[in-house]
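The values are calculated or read from the model by the stated rules, or taken from the named source; none is laboratory data. No experiment lies behind these values; they were computed from the predicted model shown. Glycine also receives a Cβ, built like all others from the backbone with ideal geometry; neighbour counts cover every protein chain displayed. Ligands, DNA and RNA are excluded from the accessible area calculation, which covers all protein heavy atoms including side chains. Shrake-Rupley method; radii C 1.70, N 1.55, O 1.52, S 1.80 Å.
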Amino acid sequence: MLNTKHRRALLGLALSSFFALVQFRLIIMLFGADYGRAVDAAAGVLAGKPHWRTFQARVLGPLLIDRISPLFPSFFDAHVCFSIVTLAVMGYLAWRIGWRVGANLGAAMLALFVFETSFSFLLTPHWLYAWDYLNIIVFLVFVDFVVAGRSWPWFVALWAIGIFSRETAAFIAVWMILEALSRRYFARRPGGGGERLDRGMLIAGIVSLVLGAAIVQAITRALFIEEVGPKIFNDVAGEGGRAFYALRIAKNFDIAIDSLTRFQYDMPFVILIYLGVTLVLAIGIMRADRRRYFAFGLTYIAHIATTLVFGILNETRVFVEQIPLVILGTLVLTRLNGRPERAPGFGIGDDP
């Protein structure tokens, strides 16, 4: 007979698999032919001809699709399978975080609901890349590790995988640095216990941060042949690999002002509300449990700021990595958590 742990795992898998199919149906209905363009983008990375040079090092998703493609009639069909499976994994990880934080069915259902609604909200034509799916998984696992209190080698291992999906995995290294410093800071305060600085975590974070930049550059130099974006997108013809990042801030400011001053039926102002909520949640969990979440909240505030500098506000897929923050923040601040699952030694919860 199945015990309670197995039954709740099967329920989570069933629900996440069902919603993965629902989400993929929504993706196809919303993106139409643009879904095929995202497939071409993944193939372009493998061929050394990405849309943009900055995409070249994001090889993990395209490689996984390529490895399973012999099982399917085409690379396109393999990409479809990859999309559905990763969506199911995301849903289950959200469910798992709900159990990890709340230790009850209500918290697990809430976490799954927040994930599914946030993912749907952030879908916008014309792009959803293979690495976008994996990045959500990486940051969901990151949150799970933070809540479980994993030791720093777990985070290094996660970083080592995530850096081959997208360079934003560097924020895991940033968290390790901030976590080591914040632990030391709170330990030195009255009643803090005088905990010594975790030099291993601090050094691991610094090394990972530097090594990540080197890995991205090495992969790009080794594989890059040609940037094809300027040839196929008329609105950027002639720009090539130039990235006027300072102009992104000005552009985002204009988008924000336009969304607030001109009525539009697609109501772009809700994007600003969503960003405001993510900031409130980041600050809220820092205040709710400073020892556990201070570095985490600070890392995500830096992540949000960086996204606004390098991303475009109305291309909402750039915010998908913040979904795990929304899940955790909702769980912590609504106080639906019962007895957190923890194992002896380092606060590591039993797997749901």
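Overview of values
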quantity: Of all accessible heavy-atom area on the chain, the percent that carbon and sulfur account for (1.4 Å); calculated: 66 percent
quantity: Contact order normalised by residue count of the chain, Cα under 8 Å, 6+ apart, percent; calculated: 25 percent
quantity: Gained length - residue 267 relative to residue 105, 0.36 nm times residue gap less alpha-carbon distance; calculated: 54.9 nm
quantity: Centroid-to-centroid separation of region 78-115 and region 129-205 [C-alpha atoms, Å]; calculated: 21 Å
quantity: Assigned charges on the beta-carbon of Lys, Arg, Asp, Glu; the chain dipole about Cα centre (debye); calculated: 1260 debye
quantity: Pairwise Cα inverse-distance average, inverted: Kirkwood Rh of the chain (Å); calculated: 21.3 Å
quantity: Residue (of 270, 259, 288) at the positive-pole extreme of region 250-297, dipole from beta-carbon charges; calculated: 288
quantity: Computed FRET value (nearest 0.05) for residue 113 with residue 228, which takes r as the C-beta separation and R₀ as 30 Å; calculated: 0.15
quantity: On Cα atoms only, tilt of 170-188 relative to the major axis of the chain in degrees; calculated: 20 degrees
quantity: Pair-distance profile P(r), taking every C-alpha pair of region 14-137, with 10 angstrom steps and integer %; calculated: 13, 41, 31, 12, 2
quantity: Cβ-derived FRET efficiency at R0 22 Å, residue 250 paired with residue 53, nearest 0.05; calculated: 0.45
quantity: Calculated from backbone phi, Karplus (6.51, -1.76, 1.60) coupling profile of region 113-121 in Hz, x at Gly/Pro; calculated: 5, 4, 4, 4, 5, 5, 4, 4, 4
quantity: Point-to-point label distance, residue 260-residue 334, nm (Cα→Cβ direction, 7 Å offset); calculated: 2.9 nm
quantity: Pair residue 305, residue 29: separation of 7 Å Cα→Cβ label points (nm); calculated: 4.0 nm
quantity: Model label zone, residue 291; criterion: amide N under 13 Å from point 7 Å along Cα-to-beta-carbon; scope region 142-179; calculated: none
quantity: Positive-end extreme of charge dipole, region 1-138 - chosen from 131, 74, 111 (charges on Cβ); calculated: 111
